[in-house]
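Notes follow the structure.
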Amino acid sequence: MSSFNQDLLNENFGDDKEILEELVTLFIQEAPGMIAPIKVAIDSNESSDLRLYAHTFKGAVGNFFAEKCVEYSSELEQMGKSGTIDTDRAKELLSSLEAELEVLSKDLKEFVS
């Protein structure tokens, strides 16, 4: 089982493997920098920042149809929208998101190679 929907990704990019490879490379390089402000928002209890950065990350992983990453990001985004951050739950979600991101990055690399 892959960490993303390969069929939808293929359908979305068709035969343009070169563009897909470039997007995967860029995503893998940029993803850690996109996770960092989520952690800062949780640690500083900034719900509006959490909403923004989780939403942004959700969009990035959504491009690859990465269901678990989207799910974790969405829950963090909703927590930010609520205006109240449950720090323990947010840290659990962030940890799950980071672990799933590692799997996603590995799976994407294999997919485009």
Conditions: (1) more than 25 Å from Asp15 (Cβ to Cβ); (2) under 14 Å from the mean Cα position of the chain (by Cα); (3) open to solvent by 80 Å² or more (accessible area, probe 1.4 Å). Leu97 meets all but one. Number of the miss?
(3)
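Quick one: count up the residues across region 6-50 that are modelled with pLDDT under 90 and not basic (Lys, Arg).
Adding up the residues that qualify gives 14.
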Identify, from the list Lys81, Lys58, the residue that is out of contact with any Lys or Arg (no Cβ under 8 Å at 6 or more places or on another chain) and among the charged types (D, E, K, R).
Lys58
Only residues in region 11-33 that are more than 16 Å from Asp107 (Cβ to Cβ) count as the first member; pair them with residues that are modelled with pLDDT under 90 and open to solvent by 40 Å² or more (accessible area, probe 1.4 Å), Cβ under 8 angstrom, at least 6 apart or cross-chain, and list the lot.
Ile19/Phe13
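Just to check your reading of the model, which residue among Lys58, Lys81, Lys68 is surrounded by 14 or more Cβ atoms within 10 Å (Cβ to Cβ), over 15 Å from Phe27 (Cα atoms), free of Cβ contacts under 8 Å to residues at least 60 places away in the same chain and of a type outside the set (Gly, Ala, Ser)?
Matching residue, one of Lys58, Lys81, Lys68: Lys81.
The values are calculated or read from the model by the stated rules, or taken from the named source; none is laboratory data. Small disclaimer: the values here were computed from a predicted structure and weren't measured. Heads up, the Cβs are rebuilt from the backbone with ideal geometry, glycines too, and the neighbour counts pull from every protein chain shown. For accessibility, only protein heavy atoms count, side chains too; no ligands or nucleic acids. Shrake-Rupley method; radii C 1.70, N 1.55, O 1.52, S 1.80 Å.
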